[in-house]
Amino acid sequence: MAGQTQRRKRATHEGFLRHRGFLFLKIGTVLCVGVTAAYLFQDQRLPRGGGTLLGYGLGTAGALLIVWLALLGVRKRAVTNGYYSLKAWVSAHVYLGLALIVIGTLHTGFHFGWNVHTLAYGLMMLVITSGAVGVWAYATLPKTLSDNRAEATRKQMLARIRSLDEALLDAAQPLPRIDAEIVRLSLEKTEIAGGYWQRVMQNWDNCANKAAIAQLQPVLAGATGQQAAVLRRVDALMRDKADALAQARKQIHITALLEGWLFVHVPSTFALLAALVAHIVSVFLYW
């Protein structure tokens with residue numbers, strides 16, 4: 001009983017890439033070695049490509065594999081344990097998806113051209129490449145996300161920024177109108193996230209809070225007495241806000257990277273399925 005509990009705990013903390021001691025990596029490797037050997041030792045008198053018996057076999061295996069890989073989105077909606085758990089399915093999805101590179105390439109016989117067959121192959125490689133980016137993202141970015149969060153949730157990060165804005169508004173009350181406009185720039189014009197590409201590229205050079213800090217410096221340098229004390233308080237609050245914005249924006253940036261690969265992977269998967277159907281139909285109609 002204790003042994004089963006320990007195995008269950010290890011399985012719970014085991015990543016999908018290491019699932020069951022790299023079981024699907026081993027299966028994918030054996031599959032690649034097998035099809036490569038079959039390709040190399042086939043009858044040398046026969047043309048190499050999809051029109052041979054081996055070519056049809058590789059094409060059928062590749063097509064079935066593509067359809068099965070595309071079903072991962074459906075499989076995610078069901079939760080099961082054991083050999084057919086979601087973790088096992090994702091592990092198989094990764095390693096058999098990589099094996100598809102060998103199967104698909106050998107199926108072509110290294111014959112490429114401006115046709116639907118090469119289009120299907122190109123889309124397959126795009127899907128696999130974007131999937132590999134997704135694997136990298138999910139293997140590395142969650143830790144970065146957790147480290148940046150420092151035990152604070154996104155809701156808490158936003159609450160901190162709102163709290164600093166309220167403090168800024170109170171601190172700016174004694175300022176003359178012209179100086180208060182600088183604070184107003186930070187309060188009303190600062191965008192935390194921005195557009196998708198802005199989040200991915202971390203392009204916040206036009207941050208209103210940053211501009212407000214810059215505009216405040218010459219005013220602060222010439223201030224004296226009570227006004228100087230108020231401006232120093234405002235400056236400190238805006239710099240605290242800059243730190244809070246940097247933390248929140250880094251969190252948003254990492255999240256955008258985690259989600260971004262799907263914008264390529266999912267549409268290209270549907271395009272691949274359409275090209276695959278066209279490829280199969282054209283083969284049986286015209287070849």
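Here are some notes:
- Rotationally averaged projected area of the range 147-287 (alpha carbon convex hull; nm²): 12.2
- Karplus-derived HN-Hα couplings along the range 60-69 (A = 6.51, B = -1.76, C = 1.60, θ = phi - 60°), whole Hz, x at Gly and Pro: 5, 4, x, 5, 5, 5, 4, 5, 4, 4
- Inter-label distance, nm, simple model (7 Å from Cα along the C-beta direction), V281/L71: 2.3
- Per residue, the Cα convex hull of the range 165-220 amounts to 78 Å³.
- Considering only T29, T129, T269, the Gaussian network model of the chain with Cα springs below 10 Å gives its largest mean-square fluctuation to T29.
- Exposed trypsin sites (Lys or Arg not before Pro) absent: longest stretch of the chain, with sites in DSSP loops and at most 13 other Cβ within 10 Å deemed exposed: 78-287
- Each residue of the range 275-284 is assigned a 3J(HN,Hα), and the resulting list reads 5, 5, 4, 4, 4, 5, 4, 5, 5, 6 Hz, derived from the Karplus form 6.51 cos²θ - 1.76 cosθ + 1.60 (θ = phi - 60°), x at Gly and Pro.
- Gain upon complete extension [L46, L262; 0.36 nm per residue less C-alpha separation]: 73.7 nm
- Least to most buried among Y95, Y39, Y138 (fewest other Cβ within 10 Å first): Y138, Y39, Y95
- Net dipole in debye of the range 154-260 [+1 Lys, Arg Cβ; -1 Asp, Glu Cβ; about Cα centre; nearest 20]: 220
- Per-residue ellipticity at 222 nm, computed for the chain from helices alone with -39500 (n - 2.57) per DSSP H run of at least four residues, works out to -27000 deg cm²/dmol.
- For the chain, a Gaussian network of Cα nodes joined below 10 Å ranks A242, A120, A150 by mean-square fluctuation, and the top entry is A150.
- Phi-based couplings in Hz for the range 166-182 (Karplus 6.51, -1.76, 1.60; Gly and Pro marked x): 5, 5, 4, 4, 5, 5, 7, 4, x, 6, x, 4, 4, 7, 5, 5, 5
- As a rough footprinting exposure proxy, the listed residues M125, M157, M201 were ranked by other beta carbons within 10 Å of their own, and the order from fewest upward is M201, M125, M157.
- GNM result for the chain, Cα springs below 10 Å: residue of D243, D205, D235 fluctuating most strongly: D205
- As a rough footprinting exposure proxy, the listed residues H265, H117 were ranked by other beta carbons within 10 Å of their own, and the order from fewest upward is H265, H117.
- Given charges at beta-carbon only (K, R positive; D, E negative), |dipole| of the chain in Debye: 1020
- The orientation-averaged projected area of the convex hull spanned by the Cα atoms of the chain comes to 23.0 nm².
Values quoted throughout were computed directly from the atomic coordinates according to the rules given, and no laboratory measurement underlies them. These numbers come from a predicted model, not from an experiment. Counting neighbours? That spans all protein chains shown, and the Cβs are built from the backbone with ideal geometry, glycine included.
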